[in-house]
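Right, one structure below, let's go through it.
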Amino acid sequence: MNQDKRTLLPGLSLFVCFCLLTGMEKLITHFNLPPSLMALGEIVCFGLALAMALPGMDRERFKQRLAFKMPRKGGWLLILFMGAATAFAALSLNMLEYRLLAHTGLRLTIASLPMPLGGMSFAWRLLIGVVIAALVEEIYLRGALFSVYGEEVGTSACLLFGGIVFALLHGSPLDLAAGFCAGLAFTYLTYVFDTVWAAVLSHAAAAFVTVVMQWIADTYAPFGIWNILLPLTVLFFLLFVFLTLDTLGKMLARGSIPHFEVSAGWYDLWLLVKEPGFIVFALAFAGKIILNYWIG
């Protein structure tokens with residue numbers, strides 16, 4: 001099967017997933033859906049996209065990605081530290097957005113499906129934002145899609161593509177930077193540990209930090225916590241970046257994880273973004289932004 005046929009359905013599955021997420025977002029906004037239906041919506045959006053991508057991918061490679069592989073010494077720390085660093089990076093960017101654009105609060109940017117957290121119990125926040133989102137999103141994005149694109153192009157292009165896809169799936173231009181960083185980190189973990197469960201755990205850790213910080217912001221807003229939240233998130237971001245790089249350096253020195261393989265990144269990335277499926281997906285993202293701006 002040539003590259004065009006192998007990547008067509010996975011690319012179109014991104015478009016389908018984006019449309020389902022957009023539709024679910026509108027339903028949540030206009031009908032105030034209960035948390036149980038939000039959870040079901042997250043599962044359906046990525047489950048249908050996964051089913052659509054299956055015919056075009058290497059089933060054996062997908063099964064290998066789904067196999068659990070015990071990380072070597074330092075691996076668990078790297079996964080958790082990178083997840084926390086990703087979360088605080090996203091939160092810091094959202095804090096800047098809050099300050100500059102006078103938005104009313106944080107959004108759960110680690111989950112691709114925007115969810116109104118006000119009035120939702122902490123248990124539901126953890127179940128939807130941490131457990132379900134990490135499982136279904138990473139199995140589809142880092143499991144299924146990485147099994148296709150990782151075989152077609154070099155590693156660097158696949159990492160960049162993983163960041164771009166995750167950023168666009170969030171559906172907002174204000175979440176592009178945070179989504180790109182998160183997608184890049186989760187794709188890298190899948191690459192070095194050769195299992196999607198590293199990305200699932202890191203994604204869950206990032207979402208857990210985000211949910212806890214959201215709860216803190218909501219609970220202590222009357223006491224003026226917004227005045228110190230931005231410098232606090234930046235401080236924690238720098239701390240976890242240091243811990244991530246320190247752990248990564250030690251693991252690379254021991255040979256516990258593979259060194260990054262430099263490839264023809266930009267050309268390989270072009271091979272991916274020029275695919276019809278991805279072009280339709282990107283146009284859908286642009287159309288959503290234009291319509292939201294036009295309608296207000």
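So Leu239 fits all but one of (1) touching a Leu at 6+ places or on another chain (Cβ under 8 Å); (2) under 19 Å from Leu93 (Cβ atoms); what number is the exception?
Failed condition: (1).
Residue check: is Ala264 surrounded by fewer than 17 Cβ atoms within 10 Å (Cβ to Cβ), at pLDDT 90 or above and more than 20 Å from the chain's Cα centre (by Cα)? It would help to see each step written out before you state the result.
Numbers: surrounded by fewer than 17 Cβ atoms within 10 Å (Cβ to Cβ): yes; at pLDDT 90 or above: no; more than 20 Å from the chain's Cα centre (by Cα): yes.
No; evaluated as a whole, the condition is false for this residue.
I need the full set of residues from the range 74-102 which are touching a Lys or Arg at 6+ places or on another chain (Cβ under 7 Å) and within 23 Å of Leu252 (Cβ to Cβ), in order please. Lay out the reasoning, then the answer.
As a first pass, look at the range 74-102 and keep what is touching a Lys or Arg at 6+ places or on another chain (Cβ under 7 Å): 74, 94.
Gly74 - this is the single residue of the range 74-102 that is touching a Lys or Arg at 6+ places or on another chain (Cβ under 7 Å) and within 23 Å of Leu252 (Cβ to Cβ).
Could you grab the pairs with beta carbons closer than 7 Å, sequence gap of 6+ or different chains, first residue in the range 225-245 and in a helix (DSSP H, G or I), second one surrounded by fewer than 17 Cβ atoms within 10 Å (Cβ to Cβ)?
Correct list of pairs: Leu230/Arg99.
Could you please let me know if Gly171 is more than 18 Å from Leu66 (Cα to Cα) and outside any helix (DSSP H, G or I)?
yes
I'm told Ala84 meets every condition in (1) over 21 Å from Leu272 (Cβ atoms); (2) crowded, with 20+ Cβ neighbours inside 10 Å; (3) more than 18 Å from the chain's Cα centre (by Cα) except one. Can you identify the failing condition by its number?
Condition not satisfied by Ala84: (3).
Scan the range 271-284 and tell me whether some residue there is acidic (Asp, Glu), surrounded by fewer than 13 Cβ atoms within 10 Å (Cβ to Cβ) and either touching a residue at least 12 places away in the same chain (Cβ under 8 Å) or not in a helix (DSSP H, G or I) (or both).
Our first condition is that a residue be acidic (Asp, Glu); within the range 271-284, this holds for 275.
Those still in the list that are surrounded by fewer than 13 Cβ atoms within 10 Å (Cβ to Cβ) too: none.
Looking for residues that are acidic (Asp, Glu), surrounded by fewer than 13 Cβ atoms within 10 Å (Cβ to Cβ) and either touching a residue at least 12 places away in the same chain (Cβ under 8 Å) or not in a helix (DSSP H, G or I) (or both), one finds none in the range 271-284, hence no.
So which helices (runs of 4 or more DSSP H) are wholly in the range 1-98 and hold at least 2 residues that are free of Cβ contacts under 8 Å to residues at least 40 places away in the same chain and within 25 Å of Thr195 (Cβ to Cβ)? If you could, list the steps in order and put the result at the bottom.
Values: elements: 3-31, 35-53, 59-66.
It comes to 35-53, 59-66.
The values are calculated or read from the model by the stated rules, or taken from the named source; none is laboratory data. In this text, all values refer to a predicted model and were calculated from it rather than measured experimentally. Heads up, the Cβs are rebuilt from the backbone with ideal geometry, glycines too, and the neighbour counts pull from every protein chain shown.
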